[in-house]
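A short write-up of the structure that comes next.
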């Protein structure tokens, strides 16, 4: 047995012990089970319906799917008052308010009605089904790709909030605002979009395209059909809960980019705790406050925490993208240590290497940074740009920020002619210690040799390489954000293999992660309210529909109990169905088997 | 080649436009005078300015939803009653120009006012003076400021509507920053 395996076994034993303790502690909590079935007006069983029990006080929802006979059984939940919702695309939502769950089993006979209003049917469909209507109105593949890459990185495209008829004047003002938030598009695309939006999302157009005939998304299959999905509300409507990470102690940390907060959820107790991240002397908008870069109207972002990871010693490391800093949070002392970023801009995604060093992309300035917590060593490595024009542009950014203190630079952002800066994005560490990263806008990945500093760049045969991850065998998995696919790259052979995601419409996979125990690849269904798993052996996908509309996911992590975690970080948050951001856990195949209700009747 | 040219052009243009639009060499004109208090319904927020440019008013309510030109009305019932655009101000005899938001039945809690200078409408104004006036139940709060082209001032004024006692009426208090 090697040391790592021994450690894992010890860790596993500790986890079991902790769970037993937790179970003993929880014994005092009265629990009950909702079970029952879902039928339509004619009494016909409705399979694959989502049944969601929402506990108001705990701000937590639990969802299972009905089986082929329309039956469901939720896992044991705390006794209390729940709102129970039934949702299946093609039927009207039903919410049974104030259902009292007591010790034992509570039976629910839930009735849903078939939706016949074509407008309502269309509006039930996820954004992924709407976005093709818009893309079909654009005049070239290049514009379609540019729109997909640049106009979907904060929020879904095709959601209710984007399907608005506006005047040419309004659209142009909106493109200016988006440009100042980073969504800079070319003048040619700006010219086409107003008519494209208004034509694509006119009632006549969408009814024809989406309801003649109406095809609901396929039901979940296999272990997705028996998954338990739990969602915890975190933050509030002015939050931008960006990324999350699972701590080895079983708690979940996430960051609120809009409010400079670090959140922690203990899913065993439902307890949330938050800490304000020290702002130092960073103004609202951080180092970008001189440039006209738009913070949202409800923002209090001085440092803007973006991504986070747990270090080998259990401390939580956080990139502060607007503050241009990196923070370390010690859960024991609840204190932060701040590392100023003197060279480079916009600390972004971060990962730890085998030596305990943290590596992170610096998205705006085209760097990768490194901090060695043990020695205090810092490095900032400039990455190659694809063209010398791009290299000049990224070098000019710090000067712009400095100049902005004295002269007005603001007119340059939204009026730019489409900016193809490289934007180093995802990052991960290979088995040999090599530091791999993607350059989102220029179809490249690269490897830094951490010893020599040598950099090797590799073109990807697809657009939008985003948050990449290694599997246990040393192959690199990459989501193609604007290509709607995932790819496997073999550093040994230099070969790529790609798989198109099985989503009807336009999918924009923001991130993926690989469960290194099974090498299952989990992918964000960012535009389709879903998570998607991929088995590399069978090359089969499994789609997990998520219960909340406008669930925009950016990161995935795993707990030791078989749970897959992500966060809903659509921005603006008010576009999300309900009250705000959520932390989400999927446990495949965990739903209890329903009782034989039909036989009893 | 086209991309390179575009990038170079954008960098060069940014430098040139920056050099050509320095921060105001002199203070812009004084903000317009406040309108006389009038009997208004609900909560009213007015943004006023004199220069022939497009400023935008943002009013964020206690639910964190913002009413502004692209989200009007808000889902919580706030309305932008008057939205000044370039076509309204260009060629107009003179200011003041204004945007006005109203919440007929405001809820208690904190409100935030932001101002954005989105478009110079062809004018040379690189900075504009403005006034923001809040009226509620006979109480007025106001502030003035200067906003630069394409600058969004997220917090021009914050105020609370709160009840001093249970069942009492809401009162308006400015939040100190």
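Quick notes on this one:
- All positions within the stretch B:151-169 that are under 15 Å from the mean Cα position of the chain (by Cα) and either surrounded by fewer than 19 Cβ atoms within 10 Å (Cβ to Cβ) or within 11 Å of chain A (Cβ to nearest Cβ) (or both): B:151, B:152, B:153, B:154, B:155, B:156, B:158
- Subset of the stretch B:121-133 [without any contact (Cβ under 8 Å) to a residue 12 or more places away in the chain and assigned to a strand (DSSP E or B)]: none
- Count of residues meeting criterion [surrounded by 20 or more Cβ atoms within 10 Å (Cβ to Cβ) and either under 13 Å from the mean Cα position of the chain (by Cα) or at pLDDT 80 or above (or both)] in the stretch B:8-31: 1
- Here residue A:292 passes the criteria (1) surrounded by 21 or more Cβ atoms within 10 Å (Cβ to Cβ); (2) modelled with pLDDT under 95; (3) at negative phi except the one numbered (3).
- The residues of the stretch A:520-552 that are within 19 Å of residue A:590 (Cα to Cα) and not in a strand (DSSP E or B), listed by number, are A:546, A:547.
- Residue in the stretch A:147-163 that is over 21 Å from the mean Cα position of the chain (by Cα) and assigned to a loop (DSSP other than H, G, I, E, B) present: yes
- The set of residues in the stretch B:68-83 being within 18 Å of residue B:134 (Cα to Cα) and within 13 Å of chain A (Cβ to nearest Cβ) consists of B:68, B:78, B:80, B:83.
- Residue check, residue A:64 in a strand (DSSP E or B) and within 15 Å of residue A:591 (Cα to Cα): yes
- Given (1) within 29 Å of residue B:84 (Cβ to Cβ); (2) within 14 Å of chain B (Cβ to nearest Cβ); (3) touching a residue at least 40 places away in the same chain (Cβ under 8 Å); (4) in a helix (DSSP H, G or I), number of the condition residue A:169 does not satisfy: (3)
- Identity of the residue in the stretch B:151-177, part of a strand (DSSP E or B) and under 18 Å from residue B:51 (Cβ atoms), that ends up modelled with the highest pLDDT: B:156
- Residue match in the stretch A:517-536 (condition: touching a residue at least 40 places away in the same chain (Cβ under 8 Å) and within 14 Å of chain B (Cβ to nearest Cβ)): no
- Condition check for residue A:181: out of contact with any helix residue (DSSP H, G or I) (no Cβ under 6 Å at 6 or more places or on another chain), surrounded by fewer than 19 Cβ atoms within 10 Å (Cβ to Cβ) and within 20 Å of residue A:527 (Cβ to Cβ): yes
- Test: residue in the stretch B:134-150 that is within 12 Å of chain A (Cβ to nearest Cβ), in contact with a strand residue (DSSP E or B) (Cβ under 9 Å, 6 or more places away or on another chain), closer than 24 Å to residue A:168 by Cα and part of a loop (DSSP other than H, G, I, E, B): yes
- Selected residue [out of contact with any helix residue (DSSP H, G or I) (no Cβ under 7 Å at 6 or more places or on another chain) and part of a loop (DSSP other than H, G, I, E, B)] from A:577, A:555: A:577
- Residue selected from the stretch B:90-122 under the condition within 14 Å of chain A (Cβ to nearest Cβ) and surrounded by fewer than 23 Cβ atoms within 10 Å (Cβ to Cβ), by the criterion farthest from residue B:44 (Cα to Cα): B:122
The values are calculated or read from the model by the stated rules, or taken from the named source; none is laboratory data. The model shown is predicted, which means the values in this text are computed figures rather than measured ones. Ideal geometry is used to build each Cβ from the backbone, glycine not excepted, and the neighbour counts take in all protein chains shown.
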